Structures are given as C-alpha cells and as structure tokens.
1. Going by a ≥ b ≥ c, the root eigenvalues of the Cα gyration tensor, does the stretch 160-311 fall in the rounded group (a/c under 1.5), the prolate group (a/b larger than b/c) or the oblate group?
2. With the cut-off at 1.5 for a/c, could you classify the stretch 214-259 from its C-alpha gyration tensor as rounded, prolate or oblate?
3. Extending each Cα 7 Å along its Cβ direction at Val108 and Phe197, get the distance between those two points in nm, one decimal.
4. Go ahead and set up a Gaussian network model of the chain, Cα springs under 10 Å, then flag whichever of Gly144, Gly173, Gly219 fluctuates most.
5. Counting only protein chains, not ligands or nucleic acids, how are Glu196, Glu288 ordered by accessible area (probe 1.4 Å), most first?
6. Cβ under 15 Å from Leu31's Cβ, Leu31 left aside: what net charge do those residues give with Lys, Arg +1 and Asp, Glu -1?
7. Give the label of the value calculated from the structure for Rg and Dmax of the Cα atoms in Å, choosing from [x] 19.7, 62; [y] 18.5, 55; [z] 29.2, 118.
8. Please go through the residue pairs Lys67/Lys100; Lys41/Lys162; Lys131/Lys246 and name each one whose alpha carbons sit more than 30 Å apart in this structure.
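The values are calculated or read from the model by the stated rules, or taken from the named source; none is laboratory data. Being a predicted model, the structure only gives us computed values, none of them experimental. Cβ placement follows ideal geometry from the backbone for every residue including glycine, while neighbour counts extend to all protein chains displayed. Just the protein is used for accessible areas: all its heavy atoms, side chains included, with ligands, DNA and RNA removed. Shrake-Rupley method; radii C 1.70, N 1.55, O 1.52, S 1.80 Å.
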Amino acid sequence: MKVTIVGAGNVGASCADVISYRGIASEVVLLDIKEGFAEGKAMDIMQCATNTGFNTQLTGVTNDYSKTANSDVVVITSGIPRKPGMTREELIGINAGIVKSVVDNVLVHSPNTIVVVVSNPMDTMTYLALKATGLPKNRIIGMGGALDSSRFRYYLSKALDKPANDVSAMVIGGHGDTTMIPLTRLASYNGIPVSEFLSQEQLDKVAADTMVGGATLTGLLGTSAWYAPGASVAYLVNSILNNQRKMIACSVFLEGEYGQSDICIGVPCIIGKNGIEEIVDIALNDAEKALFGKSADAVRNMNADLKSVLV
C-alpha cells in the first residue's frame with residue numbers, strides 16, 4: 001500500500017515517521033516544494049530503519065508529482081503553520097490556493113486515491129478539496145477531529161489521573177478554538193461516565209483546555225504542534241489502509257446529517273478501505289445541538305471566502 005504526504009514540514013515528516021515506524025504502508029512518498037527538503041527528511045527517517053526494525057520504503061521528492069502515482073492515500077499538510085496569536089481561520093487566504101493546486105496535481109497521477117486534509121483551516125480546506133475536485137464525499141476526509149479527540153482524552157486523563165488509553169471521548173464540530181465541541185456527557189473511563197469521577201467544574205475546564213489545546217502549544221512552541229497531529233494522521237490512514245473500520249471524528253461533507261448540508265465539519269465516522277464508510281448519527285441533547293449549529297455557522301462563514309478560489 002502506498003501513501004503520499006504532501007508537505008515535508010513538521011507535521012508531514014512526523015506523519016511519515018509514524019507510518020514508516022509502525023509499518024502502516026509499504027511505501028511512503030514525502031513531497032515538498034523546497035529543493036532537497038523532503039529528500040533530507042526521508043533520508044533521516046530511513047536511517048532509523050536498522051535501529052527500529054521497520055521495512056517501509058520512504059522516498060523524498062521535490063515537487064515531482066509523477067513519483068506519487070498510484071497512491072492509495074494522499075495526505076495534504078501543505079501550507080503555512082500557525083504562529084503565536086494567529087487563528088486557524090487567518091490562514092484561509094494563503095492556504096486555499098496551495099491546497100487546490102496540490103489536490104489537482106495528485107489526482108492526475110492517483111485518480112482513485114483517498115485524500116486526507118490536514119492543512120488549516122481544516123474544515124474549509126476539506127470543503128475546498130471536495131468542491132474543487134468533484135470527488136465523492138467518502139474520498140475527502142478532514143483529519144482534525146482525530147487530533148482534537150486525542151487532546152480531549154489527554155486532558156481528561158490528567159484530570160482523572162488515569163491512563164489516556166483507558167479514556168474514551170470524542171470532539172465534534174469545527175476544528176477551531178471556538179468551534180469544537182468536546183462531548184463531556186459521553187466521555188467515559190473504562191465504560192464508566194467520567195461524570196462519576198469529575199465535577200461539572202472539572203469537566204468544563206477540561207473542555208475549555210481542549211478547545212485551546214492547539215493554541216496552547218503554539219504559544220509554547222512558537223509554531224503549530226506536530227507530534228500529535230502526525231500521529232493522528234497515521235491513526236486515520238491506518239484505519240483506511242487496513243480497513244479497520246474505526247469510529248473516528250472526521251470532517252466530512254454533510255447532506256442533511258446532524259441537520260446540516262453543504263458543509264464539511266467534524267462528526268463521528270466509520271473509517272475503512274473506502275474512506276468514509278458511514279456517518280454515525282449520535283443523539284445530541286438540546287445544548288449540544290445548539291453548539292453544533294453555532295459551530296456550523298462559523299465554518300460556513302469561513303467557506304464564503306473560498307468563492308474566488310473555486311471559480
């Protein structure tokens with residue numbers, strides 16, 4: 001199985017590293033526009049093979065899309081990362097043109113691929129990729145919910161003082177500091193609702209910390225995070241390539257689900273060999289429905305800025 005990762009920056013390289021180390025794909029192509037950059041990252045990762053025991057063949061290329069031919073999955077991380085004080089939404093004008101060019105190029109050589117969008121603002125870039133290509137909605141997936149949910153589980157584990165892998169929790173809605181919706185009501189620790197262990201005040205703090213999880217790291221690092229985003233992409237790609245049919249929150253095009261249409265936004269999905277195998281309709285309460293509606297409105301407002309790119 002072959003995966004192409006477009007963008008050899010921190011997130012793309014981290015994703016390539018995890019996919020290679022875990023043997024998720026037999027072949028990975030890392031592509032970047034900067035001369036020699038992807039080649040260097042690929043060489044560095046491949047020099048880990050003898051010490052870590054992986055057999056994935058990783059190749060770096062400079063802007064040569066012919067080398068990406070017949071990719072089963074293409075991951076798009078291209079675009080500029082956030083800087084301190086910058087919102088994901090502020091990236092829209094710069095990254096929209098980049099993402100459209102990338103998706104057009106990869107489809108020339110891999111017309112049957114499944115596209116995973118990581119570039120921010122992720123929901124809007126996912127919508128752009130779908131509208132610009134006309135691909136069926138199961139083949140265009142926005143990654144953000146997988147990352148947001150992993151951060152949610154981290155903050156819950158800290159509050160519970162229990163292992164994160166024993167915590168089940170999900171974030172839906174837009175992949176933005178004010179649009180994501182951590183579903184504290186449905187979160188559990190080994191099958192027991194976390195509300196049995198944490199007060200409402202503690203749960204509210206966990207939700208608030210989750211929503212600014214990316215911004216917190218940007219402030220500390222001076223740029224966007226990369227380890228957790230890279231691992232989240234690899235987790236999603238693994239479910240596709242190995243048909244694991246995991247339930248993962250992803251940004252997907254809605255056509256009436258959750259009361260929304262003509263929008264890409266995070267909802268729980270079954271992820272398998274065909275990409276989005278199923279959109280899972282979970283019963284939200286009135287408060288959650290209201291938050292989801294506000295989140296969708298905010299994402300839809302950002303999508304309006306794509307008109308010039310989609311002409």
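1. rounded
2. oblate
3. 5.2 nm
4. With Cα springs under 10 Å in the chain, the top fluctuation among Gly144, Gly173, Gly219 is at Gly219.
5. The ordering from most to least exposed comes out as Glu196, Glu288.
6. Details: positive: Lys2, Lys34, Lys41, Lys67; negative: Glu27, Asp32, Glu35, Glu39, Asp64, Asp104.
Neighbourhood net charge equals -2.
7. [y]
8. Check vs 30 Å cut-off fails for Lys41/Lys162.
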